[in-house]
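Engineer: Sharing a structure here in C-alpha cells format.
FYI, it's all coordinate maths here, none of it is from the lab. Since we're looking at a predicted model, the values are computed, not measured. Please note: Cβ atoms are built from the backbone with ideal geometry, for glycine as well, and neighbour counts cover all protein chains shown.
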Amino acid sequence: MATKKSKKQQDEPFLTTEELKPKPPPRLAPRGIRTFTVCRQSDETGVSGEGIIVEGVVLASGHCIIHWLYPPPRGGIAIFDSIEDFIKVHITPHPANKTILTFEDGEQQTYPLAHTSAKERDDQ
C-alpha cells in the first residue's frame, strides 16, 4: 500500500544540490589503532623463544606494525601491508608453535586454526 506524500514532501528534494556534488578525497588517512600481542606456546625454530614475542598494532589503513621483543634490548620492527600478510609469513608456516594472537578487546585467534586440515595448513 503506497503512502501519500504531503505537498511539502513532494516539493523537497531527497538530497540537496550540495550533497549531490562529488567530494574531494580526504586529505588525511583513516585514524585508529588496534593493539595485539603474539604468544608462542612453542618455538620450533628456536629463534624468538616462547611466551609473548611480539607486540603489534593494526592501523585503520590496514597496515600492521610489529615489534619483535627479541633480540634484547631493543627487538626489531617490521611493517606489513596487513595483519593477514604478517600471519601468512610468521604464523601459519609454524603450526607447531601453537600461536595465540590476543587483541586489546580480548578477542583471540589461535593457530593452527582448529578447522583447517594438515593439508590446508601445508598449502598456506
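Engineer: Step by step: first the residues of the range 88-103, then only those that are surrounded by 19 or more Cβ atoms within 10 Å (Cβ to Cβ) and of a type in the set (A, V, I, L, M, F, W, C), then the one that is farthest from the chain's Cα centre (by Cα). Which residue is that?
Structural biologist: I91
Engineer: State which residue is surrounded by the fewest Cβ atoms within 10 Å (Cβ to Cβ) when the search covers only the range 64-87 and only residues that are aliphatic (A, V, I, L, M) and assigned to a helix (DSSP H, G or I). Explain how you work it out, then say what you get.
Structural biologist: So in the range 64-87, the residues aliphatic (A, V, I, L, M) come out as 65-66, 69, 77-79, 83, 87.
Checking the rest, the ones that are also assigned to a helix (DSSP H, G or I) come to 83, 87.
Numbers: I83: 23, I87: 19.
Top of the filtered list is I87.
Engineer: In the range 38-58, which residue that is among the hydrophobic types (A, V, I, L, M, F, W, C) and in contact with a Lys or Arg (Cβ under 8 Å, 6 or more places away or on another chain) is farthest from S82 (Cα to Cα)?
Structural biologist: I53
Engineer: So, one more: Give just the number: which of (1) out of contact with any Ser or Thr (no Cβ under 9 Å at 6 or more places or on another chain); (2) more than 23 Å from L113 (Cα to Cα); (3) in a loop (DSSP other than H, G, I, E, B) does G46 not satisfy?
Structural biologist: (2)
Engineer: A further question on this structure: Of all residues in the range 66-86, which are among the hydrophobic types (A, V, I, L, M, F, W, C) and within 10 Å of the chain's Cα centre (by Cα)? Full working, then the answer.
Structural biologist: Step one: of the range 66-86, the residues among the hydrophobic types (A, V, I, L, M, F, W, C) are 66, 68-69, 77-80, 83, 86.
Scanning the range 66-86 gives I83, F86.
Engineer: Being under 22 Å from the mean Cα position of the chain (by Cα) and more than 18 Å from I79 (Cα to Cα) is the filter; apply it to the range 33-63 and report the residue that is surrounded by the most Cβ atoms within 10 Å (Cβ to Cβ).
Structural biologist: Ranking the candidates gives R40 first.
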